[in-house]
Structure formats: structure tokens, C-alpha cells
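See below for the structure under consideration.
The values are calculated or read from the model by the stated rules, or taken from the named source; none is laboratory data. What you see is a predicted model, and the numbers here were worked out from it, not measured in a lab. All Cβ positions, even for glycine, are placed from backbone atoms using ideal geometry, and neighbour counts span all protein chains on display. Quick note on the areas: whole protein, heavy atoms, side chains included, nothing else; ligands and nucleic acids left out. Shrake-Rupley method; radii C 1.70, N 1.55, O 1.52, S 1.80 Å.
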Amino acid sequence: MTRGSTADVPAVTGHDQGVAAVTRLGSAGGEPARMAAVASFQPFRALRYDPARVEQSRVVAPPYDVIDDVQRAELASRDEHNAVRIDLPVDEGGEDRYQVAKHLLDAWQAEGVLVADDTPTFTVYRMTYDDDAGVRQHTTGVVGALELNPPGTDILPHERTTPKAKTDRLDLARGARANMSAIWGLSLAKGLTDLLPTGADPQLDVTDEDGVRHTVWVVSDPEACAAIAEAVSAQPIVIADGHHRYETSLAYRGEREASSPDGDAGEAGATMAYVVELVEDELTVRAIHRLVSGLPEGFDMAEALSPWFEPIGTPPGDAPVTTAMVAAGALCLVTPDGELLLRPRPEALADARDLDSARLDVALAALPEHTLRFQHGVDNVRRAVATGDAQAGVLLRPATVAQIEATAHGGERMPPKTTFFHPKPKTGLTFRLLG
């Protein structure tokens, strides 16, 4: 978790680093440079569940890419209108799943279960939760329509993506002609959070099975919408989560432009985005750890990593291992024989990025052929090693907000699966039709 973390904090942090980074992209003068062309962020006529027709806690769902078959079935059984039925559809009644999603979306609108806002609106969305130390935290952002531009200018990806089939999301967009779930963007707009009204009368207020409270306010006032749009549209957006969905949206925009007589993509020229100010107080970033398997039998992982990492002993038993890692400035190797703190050797890793994921990539590249998997959660890593599902695990420290910002502005990307933003926004709070 990055709040209060001292792991790998660069010399310039928070908004100060954001200003420095933007300055580097512009002139050499002392004033922060504004991007010449920044993606527009606008309100839209959101499609929402009518709270008089459904119990909203029963129709929202986690993001599609963290749902397995068992959970998908459980969510679908909660309510016939659960969002998973259109965001992660299955073949039914002789129709392929993308036709199913389109027909359900149309039917729910015809039934009045889903109703479009009368005017373009923004949706303020806050997640409130307890962190690993039991401290109450929150993440507050705004859902709107983000103009689609190629990554690298005003849209800044912060990590490389793994090879992954993108046809599913593209086929869903083609079939349903809607944004079912929002990408997660981080805005450099200082003071954005203060512009987001979070007073009385939320449109939705539910607590999920993990104890996370999800609260939604609809913003329709023209002056408030204009202020939010101006603030977000004035600064670059860092993609926090949803890199593949963003790339899919770009591909779909291209298809719509190519098929339009005047080359206009219409509503497909933007994608639904949940935008949060890039500050420590609004974000919790967790690490995604590594599982290694397929190495020769009896392979000594600690010895193999020793040219790059100094073994400094087992973690103390009187504190969480993640706390011990931060205090020691170390990673942690998990094997069937126990756990071992590994401190990076600066001289051996001088050319690596200042990230645990980048340092470990250097060392893993020198190992015999093996299989590498990504796993969130310390207990999940320990379980995989204990059951023989993996030969070893390596626990990483989380990247900081400052590192994410600096990486994006430096024109580079973190290794795949470096960051896990917590908690995950729900699907089903809003949908966006693409015409």
C-alpha cells in the first residue's frame, strides 16, 4: 500500500513531481507546461439502473476480468438484471454471447430497468474501505466520457501489457454498442477532488461483501459539470487500470470512422472513464507478486538470485511480512523451506528501473527456462507454494504514486503487472451507449 509507505520513494514526490514531469514535456522554462492537445473529458447521458425497479446491491458486479466461472454464475443468480449478464455474457438460446448482451441491454431499457439521464451528467463515485492496517481510506473520482487519443501524448500508459486476446471486448463493443465498464484514469489536475460534490442524497449507497462502501452522486448542474470538464481536460491522464480496454476502444473508434461516410466515429470517439486525482490521499496501490514454476528439480532459487539480491535473513515474526519488507528495503522469497528477505544489490541493478518488478525481471532473465505467473495477495502466494502449485514465490513492495507518475511522464512503462489498484470499481453503476 502506498499511503505512508517509504519504499523506493524518489526525491520528488506527489504533486511536486507531477509539476516537474509536465515541465519536462514542455519548454525549459520554470512554469509547468500544458500539453498542446489534451483529451477532452465530458459529461454524457448515462444509462443507469432505476432504483425503484431493482435492489442495486444485487445488480452491480466486479470488473469482468477478475470474475471466474463460479463467481459469474453466482452473480447472475442474484438478479436477472445483474450487470455481469451483459458485461460478461454467455451463449444463450442459440445466440452468441454478444447478441445476448445486446438483446438484454435493449430489453432492460424497454422494461424501464435501465433509464438514461435526461441531460448529460457526470457521476461522482467514492469507494470507502479499511486498509491492511485497519485505517479508514477512500478513493473519490468522477465518471465521464474521455476522448480517445493514441497513448503517449495526453494519454499516458504506466505499464506494459501482457499478450492478451482483445477480440472479446472488441466483439462486445461491436455487438452491444456500449461501454459496459469504465477504464480507470489518474488525472494530474490538482484540486480535482475538491470539485466533486459528495454531499447528501447519493443516487446509490451500498456496501459489498468485502466491506467496501460504494457511494454515487449524479452531477447535472451545468456550472459544476463545466468546472469538472475543464479541470480534467486541462491535464494528461495516466491509465491506471484498463489498458486493454482502452486499446480496444481505439480499435473500435477506427472501425466506426472507417464505416462512416464523413469519417466521424460519433459516440465511439470517446470511452467511459473513471478519473481520480493522482494523489496519495485518494489511491491505494498494492503489489502484484510473482510465482515461479518449471525450474529443474532441487533448484536453489535463493542462490540463483544472489548475484542481484543479498539474502538478509528471515522476516521477523512480530509484524506483517509486507511491513518487514518496507523496513528492510527488501523483497521476500517464498519457498517450501521458508521465507527469506532479499535486499537488492545496487551495483548489480544499476541499470534497472527503481521498481521491484524491474529489478526482479533482470534476475529472472538469467534463470533457466521457467513459467512466470502473477498473483495478488501474500496469502495466495504462500498457498500456491505450500500446495506445490508453484516452486517459489517472490513478494514485491508496491509501486508508489510518485513512481507511477514519473514512469508515465518519462515515456517509459513499468513491467507488466506491477500495480494493483485497490479496491476495484464496480460495474453496473453506469453504462454508456455508443449509438
Note to self: with every protein chain in place and a 1.4 Å probe, segment 300-364 gives an accessible area per residue in Å² of 47
Within the P(r) computed for segment 47-168, what percentage of the Cα pairs occupies the region above 19 Å? 66
How far apart, in nanometres, would the label points at ASP210 and ASP130 be if each is projected 7 angstrom from Cα along the Cα-to-Cβ direction? 1.6
Counting pairs of alpha carbon atoms under 8 Å apart in space and at least six apart in sequence, what relative contact order in percent does the chain give? 26
Scan around GLY185 for amide H atoms under 5 Å from its own, H built in the peptide plane at 1.01 Å from N, and keep only partners 5 or more places away or cross-chain. ALA240, TYR274, VAL275, VAL276
Excluding SER259 itself, calculate the net charge of residues whose Cβ lies under 12 Å from the Cβ of SER259, where each Lys or Arg counts +1 and each Asp or Glu counts -1. -1
Segment 71-162, relative contact order [Cα under 8 Å, separation at least 6], %: 14
One quarter of the convex hull surface, Cα atoms only: what value does that give for the chain in nm²? 23.3
Ranked from highest to lowest mean number of other Cβ atoms within 10 Å per residue, what is the order of the peptides 227-239, 293-305? 227-239, 293-305
Per residue, how much accessible area does segment 233-289 have with a 1.4 Å probe, in Å²? 31
For a quick check, take a GNM of the chain with Cα springs below 10 Å and name the residue from ARG53, ARG256, ARG177 with the largest mean-square fluctuation. ARG53
On a C-alpha basis, how far is the centre of segment 351-377 from the centre of segment 87-133 in Å? Whole number, if you could? 37
When the label point is put 7 Å from the Cα of GLU223 along its Cα-to-beta-carbon vector, which residues of segment 38-63 have a backbone N closer than 20 Å? 43
Of every hundred units of 1.4 Å-probe accessible area on segment 235-385, the number belonging to carbon and sulfur atoms, as a percent, is 49
For GLU255 paired with PHE374, estimate the spin-label separation in nm (one decimal), with each label point 7 Å from Cα along the Cα-to-Cβ line. 2.5
Which of ASN380, ASN179, ASN149 moves the most in a Gaussian network model of the chain with Cα springs under 10 Å? ASN380
What is the mean projected area of the alpha carbon convex hull for segment 267-384, to one decimal in square nanometres? 10.9
Based on the Kirkwood radius over alpha-carbon pairs, what is the Stokes-Einstein translational diffusion coefficient of segment 66-131 at 10 °C with 1.306 mPa s viscosity, in µm²/s? 113
Between SER293 and ALA348, how high is the FRET efficiency from 1/(1 + (r/R0)^6) when r is the Cβ-Cβ distance and R₀ = 25 Å? Nearest 0.05. 0.50
Can you give me the Rg/Rh ratio for segment 179-227, using Cα atoms for both radii and the Kirkwood formula for Rh? 1.00
Label-point separation, VAL362 to ALA386 (7 Å along Cα→Cβ), nm: 3.4
